[in-house]
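Remarks on the structure that follows.
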Amino acid sequence: MNLPYFIGNAKTAIDGKGRTSFPRELRRQLWPTEGTEFVVARGPDHTLRLYMLPEYVKFMAEIDAFKDRRQADKFRKQLDAIPVEMDGQNRILIPKKLLDYADLTTEVVYTPGRGRSLEMWKPERFDAQTSIETDEDLQSFNDLYYQIGSTEGLDEKR
């Protein structure tokens with residue numbers, strides 16, 4: 001499956017050294033050309049972003065296109081991006097500074113990010129951000145669903 005994005009969420013443990021398994025269900029979605037090297041960086045809302053290398057290159061090009069060079073340079077430094085590699089046991093080592101930023105201690109949820117990237121969330125924060133518990137949550141979900149891609153939504157736009 002060579003989709004331009006990932007599908008599905010997965011939760012894995014983080015060991016005392018800061019290593020976490022790259023989830024099998026997401027590993028199966030890696031392209032043969034992507035290899036075992038990635039870039040991990042700060043993301044919004046106290047998350048981390050795990051980029052496949054070509055996606056990271058695209059992201060850097062977007063930052064380079066900012067008109068405000070000072071802002072772009074500051075943002076690039078704030079990312080604290082670092083290359084990581086999957087070891088023989090399919091684990092990646094996340095630096096302590098980034099684990100602290102995302103408040104990741106014992107578990108992490110991997111979820112699709114933009115393009116060929118994954119977001120890494122603290123499970124409790126992820127559940128709080130993505131749950132549909134109230135009528136308002138459901139209405140918001142339904143509105144967006146019909147607005148951007150369901151069959152019914154497309155029919156209504158025609």
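The values are calculated or read from the model by the stated rules, or taken from the named source; none is laboratory data. Note that this is a predicted model, so its numbers are computed, not measured. Reconstructed Cβ throughout: ideal geometry from the backbone, glycine too, with neighbour counts over all protein chains shown.
In segment 1-102, which helices (runs of 4 or more DSSP H) lie fully inside it and hold 2 or more residues that are more than 17 Å from the chain's Cα centre (by Cα), surrounded by fewer than 18 Cβ atoms within 10 Å (Cβ to Cβ) and in the same structural domain as S117 (by TED's automatic domain parsing)? Filter on segment 1-102 gives 53-64, 69-78, 96-102.
Taking segment 103-120 only, how many residues are more than 11 Å from L50 (Cβ to Cβ) and buried (at least 19 other Cβ atoms within 10 Å of the Cβ)?
Here is the first cut: in segment 103-120, the residues more than 11 Å from L50 (Cβ to Cβ) are 103-107, 109, 114-115.
Still in the list and also buried (at least 19 other Cβ atoms within 10 Å of the Cβ): 104, 109.
Here the count works out to 2.
Could you go through segment 65-74 and let me know if any residue there is touching a residue at least 12 places away in the same chain (Cβ under 8 Å) and touching a helix residue (DSSP H, G or I) at 6+ places or on another chain (Cβ under 8 Å). Scanning segment 65-74, I find no residue that is touching a residue at least 12 places away in the same chain (Cβ under 8 Å) and touching a helix residue (DSSP H, G or I) at 6+ places or on another chain (Cβ under 8 Å), so the answer is no. A residue that is in contact with a strand residue (DSSP E or B) (Cβ under 8 Å, 6 or more places away or on another chain), modelled with pLDDT of 95 or more and more than 21 Å from R24 (Cα to Cα) occurs somewhere in segment 102-111. Among the conditions (1) touching a residue at least 24 places away in the same chain (Cβ under 8 Å); (2) in contact with a strand residue (DSSP E or B) (Cβ under 8 Å, 6 or more places away or on another chain), L30 misses just one, which is (1).
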